[in-house]
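First the structure, in the form of structure tokens, and then the observations on it.
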Amino acid sequence: MTAQVIEVVAALVRDDAGRVLLVRKRGTVAFMQPGGKREADEGDIAALMRELDEELGCRVLPETAQHLGEFEAPAANEPGLQVRAVVYAVEVAGAIVPSAEIDELRWVDPQMLPDLDLAPLTRDYVLPLAAAEGTDDGTF
């Protein structure tokens, strides 16, 4: 039997020091990339723009979006399900403040795995990708 797959888009956001933004949703323990599910007839970048505005109050600069790949891993918050994420590196404008369903955010150095509970997708794909491809100026 194949596990049910949750389709999402996720953002790799870096600060000026090259650290990666992780969020923790209310009522959960795992930190992950910001992002979420697409609404009907919504493209990847439009979904990221909406999700980051709702969750963090910041604005994705769509012209900066760089497709990093599509990855599948066990879902962090839905036991027995898989998550398939299309991941984009994006730059954002405005203050980043947890809102909506986000309880906490952390900036982490992708070169050193933080002592946090990490979503499998973040731990196994996104942070290693950021560590391998990121540079000190936050570009890919």
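A short reminder: the numbers here are calculations on the coordinates, not readings from a lab. Note that this is a predicted model, so its numbers are computed, not measured. Don't worry about glycine lacking a Cβ; one is built from the backbone with ideal geometry, like all the others, and counts go over all protein chains shown.
The lone criterion from (1) of a type in the set (A, V, I, L, M, F, W, C); (2) closer than 12 Å to A11 by Cα; (3) surrounded by 15 or more Cβ atoms within 10 Å (Cβ to Cβ) left unmet by A76 is number (2). Can you say whether I102 is touching a helix residue (DSSP H, G or I) at 6+ places or on another chain (Cβ under 6 Å), among the β-branched types (V, I, T), crowded, with 16+ Cβ neighbours inside 10 Å and farther than 24 Å from E133 by Cα, as far as the supplied structure shows? Spelling it out, I102 is indeed touching a helix residue (DSSP H, G or I) at 6+ places or on another chain (Cβ under 6 Å), among the β-branched types (V, I, T), crowded, with 16+ Cβ neighbours inside 10 Å and farther than 24 Å from E133 by Cα. Only one entry of G18, G35, G57 meets the criterion of being on the phi > 0 side of the Ramachandran plot, touching a Phe, Trp or Tyr at 6+ places or on another chain (Cβ under 9 Å) and surrounded by 13 or more Cβ atoms within 10 Å (Cβ to Cβ), and that entry is G35. The residues of the range 105-133 that are charged (D, E, K, R) and exposed (fewer than 13 other Cβ atoms within 10 Å of the Cβ) amount to a single one, D115. Restricting the range 8-46 to residues that are of a type in the set (A, V, I, L, M, F, W, C) and farther than 15 Å from R106 by Cα, the residue that is nearest to the chain's Cα centre (by Cα) is A10.
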